[in-house]
Amino acid sequence: MNFRLGAKVAMAAALAVTLQTGFAQAWPSRPVQLVVPYPPGGVLDNFARPMAEALSKELGQPVVIDNRAGANGIIGTTRCAKAPADGYTLCISNGDIMSLNPQLYSKLSYNPKADLVPVVRMANMVAAIVVSSSVGAKNLTELAALDKASPGKINWGTFGTGSTSHVFLTEYNRVFGTHLTHVPYNGSAPLMQALLAGDVQSAMLAHVAVAQYLDSGKLRAIAVMGEKRSDFFPGVPTISEQKFDFSGENWIGMTAPAGTPSAVLDRVNVAVNKILADAAFRKRSLEALGLEPVGGSRDSFAQYLGREQALWSDLISHSKIRLD
């Protein structure tokens, strides 16, 4: 009986593998949607479009961008998470979507661990803590000293309450014992205007947003967000070199609805890694946006994601920030 049962289980497993392999070979037979949960024109959208174009060539079918913006990425991610797990819907994801939102909202319309599966971590958006030229600080410790000498004089601008920058600010104030004032703005354009006008004196911003102002001397980078120093900010130490035990990376990845055939996910992973390895693609679609390529296996992305989710859970717990 046990032998027969074992044989049946083995046959079923072999059949499942055969069916998945056959499905992957036939897939895709029609266009694939790539859901971008942010509006056109932003860094994620500007990266997703050439990636979709390159992926179309690799897969032999159009990969069509579907912008579903709103509610901190919740609208588009919910659309993706609830889509059929047939390989014809892929999702652009980032740390806000996969790690921050689940901690900031008590009633989230998707579960990143149950509804989505990691496909590939594609890039890091290189960002840094910057200060206006009127601020004398050259590192995080000096910024803290200035705040303690004149409490309430240094404002920290962010993209809004509950943003990565806001959560980091609360941790910075906790670690350094400072009281930098949080000033939220609705997007990068008004925040940059406020920073250049002197309404705020510090912020966390992507390289693509600040490069020209660093070159002109209007702004100064004092800490890089990431595991290692970046060529985009030469000579600037990371936050982990300045009292923090985490990197604070802003990453861009690809996920899919849970239940999507593994063979399909593997094929997409291989295709994306091939694209990321192309020098021309890197220069045109990564460097121009201040992005650094990552790539790697599905498992490595899943492990990274687990660490990130645990980290931001702790940070948001300390911050006591809630959005509902």
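The values are calculated or read from the model by the stated rules, or taken from the named source; none is laboratory data. These numbers were taken from a predicted model, which means no experiment stands behind them. Every residue, glycine as well, gets a Cβ built from its backbone with ideal geometry; the counts of neighbours run over all protein chains shown.
Could you go through region 179-189 and let me know if any residue there is within 19 Å of the chain's Cα centre (by Cα) and of a type in the set (Gly, Ala, Ser).
Checking region 179-189: at least one residue is within 19 Å of the chain's Cα centre (by Cα) and of a type in the set (Gly, Ala, Ser).
Which is touching a residue at least 24 places away in the same chain (Cβ under 8 Å) and in the same structural domain as Asp314 (by TED's automatic domain parsing), of Lys138, Lys107, Lys148?
On inspection, the qualifying residue turns out to be Lys107.
I'd like to check something: does region 256-266 contain any residue that is within 19 Å of Val210 (Cα to Cα), outside any helix (DSSP H, G or I) and either of a type in the set (Lys, Arg) or under 19 Å from the mean Cα position of the chain (by Cα) (or both)?
no
Which one of these does Val120 not meet: (1) touching a helix residue (DSSP H, G or I) at 6+ places or on another chain (Cβ under 7 Å); (2) assigned to a helix (DSSP H, G or I); (3) more than 22 Å from Lys243 (Cβ to Cβ)?
All conditions are met except number (2).
Looking at (1) under 26 Å from Phe233 (Cβ atoms); (2) surrounded by 15 or more Cβ atoms within 10 Å (Cβ to Cβ); (3) more than 16 Å from the chain's Cα centre (by Cα), find the lone condition where Glu308 falls short.
Among (1) under 26 Å from Phe233 (Cβ atoms); (2) surrounded by 15 or more Cβ atoms within 10 Å (Cβ to Cβ); (3) more than 16 Å from the chain's Cα centre (by Cα), Glu308 violates only (3).
Could you give every pair whose Cβ atoms fall below 7 Å, whose first residue belongs to region 34-52 and is within 20 Å of Tyr88 (Cα to Cα) and among the small types (Gly, Ala, Ser), and whose second residue is surrounded by 16 or more Cβ atoms within 10 Å (Cβ to Cβ) and modelled with pLDDT of 95 or more, counting only separations of at least 6 or pairs across chains?
Sorted first by the residue in region 34-52, then by its partner, the pairs are Ala48/Leu34; Ala48/Val36; Ala48/Ile65; Ala48/Ile92; Ala52/Leu34; Ala52/Val63; Ala52/Ile65.
Among the residues of region 238-254, write down those that are charged (D, E, K, R) and crowded, with 16+ Cβ neighbours inside 10 Å.
Once the filter is applied, which keeps residues that are charged (D, E, K, R) and crowded, with 16+ Cβ neighbours inside 10 Å, region 238-254 yields only Glu249.
Among the residues of region 84-137, what is the count of those that are in contact with an Asp or Glu (Cβ under 8 Å, 6 or more places away or on another chain), surrounded by fewer than 21 Cβ atoms within 10 Å (Cβ to Cβ) and more than 30 Å from Lys148 (Cα to Cα)?
Number of matching residues: 3.
Which ones in region 184-237 are crowded, with 18+ Cβ neighbours inside 10 Å and in a strand (DSSP E or B)?
Ser202, Ala203, Met204, Leu205, Ala206, Leu219, Arg220, Ala221, Ile222, Ala223, Val224, Met225
When you check Arg322 against the structure, is it closer than 24 Å to Thr78 by Cβ, touching a helix residue (DSSP H, G or I) at 6+ places or on another chain (Cβ under 8 Å) and of a type in the set (Lys, Arg), yes or no?
yes
If you take the residues in region 255-304 that are aliphatic (A, V, I, L, M) and under 15 Å from Ala85 (Cβ atoms), which one is surrounded by the fewest Cβ atoms within 10 Å (Cβ to Cβ)?
Ala258
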